[in-house]
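A single structure is presented below for examination.
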Amino acid sequence: MNTIFDKIWDAHTVAIVPDGPTQLYIDRMYCHEVTSPQAFDGLRARRLSVFRPEKIICMPDHNIPTLNQDKPIRDEIARRQVETLYKNAEDFGLTCYPIGHKKNGIIHVVGPENGLSLPGMTIVCGDSHTSTHGAVGAIAFGIGTSEVEMVLATQCIFQAKPKTMRITIDGTLNEGVTAKDMALYLISKLTTGGATGYFVEYAGEAVRNLSMEGRLTLCNLSIEMGARGGIIAPDETTFNYLKDKEFAPKGAQWDAAVNYWKTLKSDDDAVFDKELHFDAADIESMITYGTNPGMAMPVNSTIPDVGEIGQKALAYMDFKIGEKLLGKKIDYVFLGSCTNGRIEDFRLFANYVKGKKKAENVIAWLVPGSWAVEKQLREEGLDKILIKAGFELRQPGCSACLAMNEDKVPAGKYVVSTSNRNFEGRQGPGARTILAGALVAAAAAVNGFITDPRTNRQKS
Amino acid sequence: MKAITLLTSTCVPLPLENVDTDQIIPARFLKTTEKAGCGNNLFRDWRYDKNNQPIPDFVLNNPNYKGEILVTGRNFGSGSSREHAAWAIAEYGFRVIVSSFFADIFKNNAMNNGLLPIVVSEPFLSDIFAAIASDNNATLSIDLVNQTIINNASGATETFSINAYKKECFLNGLDDIDYLLARKKEIEQFEKKHNRY
Ligand code: SF4
């Protein structure tokens, strides 16, 4: 009567500290340039080496420019951070995919697409969106830099066992409704703190029917409702996705692995600390109107009464209670991030803008989540469709998702963004973020204003 | 890390809810490769205007409020996992942070950096804010051994919970890595049976 979470957790429990946390063994750790330098310095200060170097993968993603990646980074501090990662990887003998490497990209895109993240694993990274990897059926969660140091030193961390929650979404999604809409819908129902203390398993027909890309999007956003992570039991979709990936097991080992992975599901009589049920038919294309991802609504709806607490957010966005956002002029569109920077997102976007033209008032940044995504979209000819519609492709990285590089949205400007956070200043000081899925972003990009992609309103 | 057993201090009040990590330390300060210096950028955009001039209204710029305890509204520290948020608060000089609710990762990060997060009830929190509002020298006392927090102005007391292991760490000034390193043998033994990945 165990949940999938319990099964994986128990298989990685080295010990339980009396009256304390669980000592959990970690199968895979990813390190990026922002949250790791102090951890490596900590190792040096304690005169330690990395305990299991083969289980650690490093790559820069947060700071990297999305143009001219072959040239040195102009921002000196960013460059130093990236070079520090390279040096740390070298000093400690770790695999590193540097800027421009064919396996470089946003960690949460690169890990799954190379089979580095596998079902049944425990996966950590000094990054809250590590929850993404849960989509392959792993326990994956973000950790702090002190914990990165722990894993480097001992391949273990201490964790209090979270409570478990199952969110079941029955039925089928409406036409034009994506995994991103599903996630924004859930966060708007649960609020940004609604799953705090829980590890969420997503289940139900609508979740089963999601592609791997869609599942990655859904798990990615778990953290935005406060959850430690999200997980989806591996099934044929997962196995088909992982088969033949570079780091996935091969031959007889693959068969053995799949046999094991098939046992990774919640037992019929598994007990969750909390169970929630939703109906996929209730989910519509979503956008956010405030400054946290929970302030989301159907794209054709009006801003609800947010009470006094929400007023600050609306003032920041320059929106009003009762206002309709359909038709609202926007300035920027960002397609990318570990939420929606995958091949399917580019397919959706390209498919929508095909034969149309980018609105003149819109600056659009289309940033693939990895070089592999970039390559694939070229192979599929999506780049040509995008260019023909007046768009330009950028080079992979986190980019405008957190605006650590040069892709900053100016103060007061509106950006329809497929990323995951609409916090004040997240995409540039004073920037006003409207979160949405790739389809809503595409519709906004060709019309220059917020549009419901399902009504397919075209630019006249 | 510095041990905490008993602590009495005046407080810095920040009666706002949902203060997220971007507010605590904006992303543009994450480019540092060191911990030192984060304290200067704590609440940067609330503390300083565009010309880097202190904004007098903000509580950290108000000389009437100081102390080792930061008191904040519910849901403090949501957002990213950046540990810089905890470093910034700790380096600024806070040792205890009181709220009615903390985001998970932030809470962990705080404890890993010798910053003790204490969760109190909503009424107890309002009571603290009221006490500070009527006297900026109002103090709180924390007794970690007995897990109690006292609002000295009103005399109200509440107990708080903390996991027994973390409590030991705070009382002794020890960190997790010290503990894990002592257990390398067990880890190697575990690896022998756990060889799937
Ligand atoms: S794309 Fe955004 S959310 Fe994802 S890892 Fe990069 S900065 Fe974080």
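Which three lengths, in whole Å and largest first, does the protein assembly as shown cover when its Cα atoms are put on their principal axes?
Taking max minus min along each principal axis of the Cα atoms, the protein assembly as shown gives 70, 59, 53 Å.
For helix B:122-134, what angle does its Cα long axis make with the longest principal axis of chain B, in degrees from 0 to 90 and rounded to 10?
Once rounded, one gets 40 degrees.
Let me ask something else. As a test of the definition: which semi-axes, in Å, follow for chain B when you take the square root of five times each eigenvalue of its alpha carbon gyration tensor? Largest first, please.
Working: eigenvalues 192, 104, 38 Å².
Semi-axes, largest first: 31, 23, 14 Å.
Please give the helix A:76-92 orientation as an angle from the longest Cα principal axis of chain A, in degrees from 0 to 90, rounded to the nearest 10.
20 degrees
Just to be sure I follow: if Rg is taken over the C-alpha atoms of segment A:287-447 and Rh is the Kirkwood radius over the same atoms, what is Rg/Rh?
On the way: Rg = 15.2 Å, Rh = 15.6 Å.
We get a ratio of 0.97 for segment A:287-447.
Turning to a different aspect of this structure: Could you state the angle between the C-alpha long axis of helix A:251-261 and the longest principal axis of the C-alpha atoms of chain A, as a value from 0 to 90 degrees rounded to the nearest 10?
Once rounded, one gets 80 degrees.
Further question on the same structure: With the cut-off at 23 Å, tell me which of the pairs A:LYS161/A:LYS245; A:LYS71/A:LYS357; A:LYS161/A:LYS265 have Cα atoms farther apart than that. Can you show the working numbers first?
Values: A:LYS161/A:LYS245 31 Å; A:LYS71/A:LYS357 31 Å; A:LYS161/A:LYS265 18 Å.
Correct reply: A:LYS161/A:LYS245; A:LYS71/A:LYS357.
Just grab the label-to-label distance for B:GLN147 and A:ILE309, each label 7 Å out from Cα along the Cβ direction, in nm (one decimal).
In this crude spin-label approximation the distance works out to 2.6 nm.
Rounded to the nearest 500 deg cm²/dmol, what is the calculated helix-only ellipticity per residue at 222 nm for chain B, with -39500 (n - 2.57) per DSSP H run of length n ≥ 4?
Working: 8 runs with 64 residues, N = 197.
Helix contribution divided over all residues of chain B: -8500 deg cm²/dmol.
Another one. Hey, how many Å between the Cα centroid of segment B:144-193 and the Cα centroid of segment B:26-58?
30 Å
Nothing charged except the Cβ atoms of Lys and Arg (+1) and of Asp and Glu (-1): what's the magnitude of the dipole of segment B:1-51 about its Cα centre? Round to the nearest 20 debye.
Values: 7 positive and 6 negative charges, 52 e Å.
For segment B:1-51, the charge dipole is close to 260 debye.
On to the next question. Determine, for A:GLU113, A:GLU236, A:GLU323, B:GLU158, the number of other Cβ atoms within 10 Å of each Cβ, and report the residues in order from fewest to most. Display every interim value, and only then the final one.
Values: A:GLU113 25, A:GLU236 10, A:GLU323 13, B:GLU158 18.
By the 10 Å Cβ count, ascending, the order reads A:GLU236, A:GLU323, B:GLU158, A:GLU113.
Taking the simple approach of a point 7 Å from Cα along Cα-to-Cβ for both A:ASN300 and A:ASP255, what is their distance in nm?
5.3 nm
Now, a different point. Considering lysine pairs in chain B that are 8 or more places apart or on different chains, how many have Cα atoms under 16 Å apart? Present the calculation step by step, with values, prior to reporting the outcome.
Numbers: B:LYS2/B:LYS166; B:LYS2/B:LYS167; B:LYS107/B:LYS166; B:LYS107/B:LYS167; B:LYS184/B:LYS192; B:LYS184/B:LYS193; B:LYS185/B:LYS193.
Number of lysine pairs found: 7.
OK, next. Report, in whole Å, the centroid distance computed from the Cα atoms of segment A:240-314 and segment A:122-142.
When both Cα centres are located, 13 Å separates them.
For B:68-80, what's the mean count of beta carbons from other chains sitting within 10 Å of each residue's beta carbon?
Values: counts 0, 0, 0, 0, 0, 1, 1, 6, 0, 0, 9, 8, 11.
Mean partner-chain Cβ count within 10 Å for B:68-80: 3.
Here's something else I'd like to know. Gap in Å between the Cα centre of segment A:1-74 and the Cα centre of segment A:344-415?
30 Å
Also: With the dipole of the protein assembly as shown worked out from charges on the C-beta (+1 for Lys and Arg, -1 for Asp and Glu) around the Cα centre, which of A:VAL82, B:ASN113, A:THR178 lies farthest toward the positive end?
A:VAL82
To continue, here is another question. Take every residue in peptide A:221-228, count the Cβ atoms of other chains within 10 Å of its Cβ, and give the average of those counts.
Numbers: counts 0, 0, 7, 2, 0, 6, 1, 3.
Average neighbour count from other chains, rounded to a whole number: 2.
Taking a ≥ b ≥ c as the square roots of the eigenvalues of the Cα gyration tensor of segment A:27-179, is the shape rounded (a/c under 1.5), prolate (a/b larger than b/c) or oblate? Display every interim value, and only then the final one.
Working: a/c = 2.25, a/b = 1.29, b/c = 1.74.
Note, shape of segment A:27-179 comes out oblate.
Separate question: Starting from segment B:34-135, pick out the trypsin sites (Lys or Arg not before Pro) whose DSSP state is loop and whose Cβ has at most 12 other Cβ atoms within 10 Å. Numbers along the way, then the final one.
On the way: sites: B:LYS35, B:ARG44, B:ARG47, B:LYS50, B:LYS66, B:ARG74, B:ARG82, B:ARG95, B:LYS107; in loops: B:LYS35, B:LYS50, B:LYS66, B:ARG74, B:ARG82, B:ARG95.
Loop-located and lightly packed - B:LYS50.
Something else about it: So, counting K/R as plus one and D/E as minus one, what does the shell of residues with Cβ under 15 Å around A:LYS87 add up to? Mind dumping the intermediate values first?
On the way: positive: A:ARG44, A:ARG79, A:ARG80; negative: A:GLU33, A:ASP41, A:GLU83, A:GLU90, A:ASP91, B:GLU34.
That sum, taken over residues with Cβ under 15 Å, equals -3.
Something else: Could you work out [θ]222 nm for chain A from helices alone, using -39500 (n - 2.57) per DSSP H run of at least four and dividing by all its residues? Round to the nearest 500 deg cm²/dmol.
On the way: 16 runs with 147 residues, N = 460.
Taking each H run of at least 4 residues, the total per residue is -9000 deg cm²/dmol.
Straight-line reach from A:LYS329: which aspartates and glutamates have a Cα under 18 Å away, not including same-chain ones fewer than 8 places off?
Partners found: A:ASP318, A:GLU360, A:ASP452.
Given a Förster distance of 25 Å, report the FRET efficiency between B:THR157 and B:ASP135 from their Cβ-Cβ distance, rounded to the nearest 0.05.
Numbers: r = 18 Å, r/R0 = 0.74.
The pair B:THR157/B:ASP135 has a calculated efficiency of 0.85.
Where a number appears in this text, it was derived from the coordinates with a stated rule and is not lab data. Bear in mind the structure is a predicted one, so any value in this text is a computation, not a measurement. Because the Cβ atoms are built from the backbone with ideal geometry, glycine has one as well, and the counts that use them run over all protein chains shown.
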